[in-house]
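Notes to accompany the following structure.
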Amino acid sequence: MSTETEYSGFEPGAVERVIALHMDYYGPNWQFGPAFEKYLLDGLNEFTARLNPEKDLFLVAKRGGEIVGSVCIDGSAAESAQLRWFILDQSCHGMGIGNGLMSRAMAFVEKAEHRHVFLYTFVGLNAACRLYEKHGFHLTETLAEDNTYGTPVTALRYDWPAKA
């Protein structure tokens, strides 16, 4: 696999690869199953069907021509954009690719003039949470434990900039 990382937008097959990356991580590590895969499929299909390049971002990271990570900015709501589908192939952890995705996503947020961005994650995804904080997000809410995808997790909401 090439050591050079390329970043690009939506391309044919990207949705399937982003879903596979999520399932490759969350399946074995968190025992998320079919309900999670359906959530990803429905959400990504809806998002890409209405993708507005002025307000929305679908970004992938590639190494050796293969998609190894993604992040999206869903800017469809007037008041807030949402950072979604941030994932990185486990073989690429620690290489700076996640930081590259987040840097590009936040540059897009500025360019698109989104004044507020939020995201949801959950307790236990410590490296991702540190990366969100590095890029100006602040933990604003801890939600109740949820078992929607088969394993109980405690959801966290992060906001950029922090709510006053």
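The values are calculated or read from the model by the stated rules, or taken from the named source; none is laboratory data. The shown structure was predicted, so the numbers you read here are calculated from the model rather than taken from an experiment. Here the Cβ is made from the backbone with ideal geometry for all residues, glycine too, and neighbour counts use every protein chain on show.
When residues of segment 35-71 are filtered for being more than 19 Å from C92 (Cβ to Cβ), of a type in the set (S, T, Y) and without any contact (Cβ under 8 Å) to a residue 60 or more places away in the chain, how many remain?
So the count comes out to 1.
Only strands (runs of 3 or more DSSP E) wholly contained in segment 1-83 count here; list those with 2 or more residues that are more than 21 Å from T121 (Cβ to Cβ) and within 17 Å of the chain's Cα centre (by Cα). Give the steps one after another, and end with the answer.
Numbers: elements: 5-8, 57-63, 66-74.
Strands (runs of 3 or more DSSP E) meeting the threshold: 5-8.
What pairs can you find where one residue is in segment 141-164 and over 17 Å from Y39 (Cβ atoms) and among the polar types (S, T, N, Q), the other is surrounded by 15 or more Cβ atoms within 10 Å (Cβ to Cβ) and at pLDDT 95 or above, and their Cβ atoms are less than 7 Å apart, with a gap of 6+ or different chains?
Going by the 7 Å Cβ cut-off, the qualifying pairs are T142/L156; T154/F122.
This table checks each residue for (1) closer than 25 Å to S8 by Cβ; (2) free of Cβ contacts under 8 Å to residues at least 12 places away in the same chain; (3) in a helix (DSSP H, G or I); (4) under 14 Å from the mean Cα position of the chain (by Cα).
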| position | (1), (2), (3), (4) |
| --- | --- |
| A105 | yes, no, yes, yes |
| L119 | yes, no, no, yes |
| A128 | yes, no, yes, yes |
| G136 | yes, no, no, no |
| L139 | no, no, no, no |
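Return yes when V109 is touching a residue at least 60 places away in the same chain (Cβ under 8 Å) and over 20 Å from A155 (Cα atoms) and no when it is not.
Details: touching a residue at least 60 places away in the same chain (Cβ under 8 Å): no; over 20 Å from A155 (Cα atoms): yes.
Against the criterion (touching a residue at least 60 places away in the same chain (Cβ under 8 Å) and over 20 Å from A155 (Cα atoms)), V109 does not qualify.
Could you say which residue among L21, L101, L51, L59 is at pLDDT 95 or above, in contact with a helix residue (DSSP H, G or I) (Cβ under 7 Å, 6 or more places away or on another chain) and surrounded by 13 or more Cβ atoms within 10 Å (Cβ to Cβ)? First the steps, then the outcome.
Details: L21 fails: in contact with a helix residue (DSSP H, G or I) (Cβ under 7 Å, 6 or more places away or on another chain); L101 fails: in contact with a helix residue (DSSP H, G or I) (Cβ under 7 Å, 6 or more places away or on another chain); L51 fails: in contact with a helix residue (DSSP H, G or I) (Cβ under 7 Å, 6 or more places away or on another chain).
The conditions single out L59.
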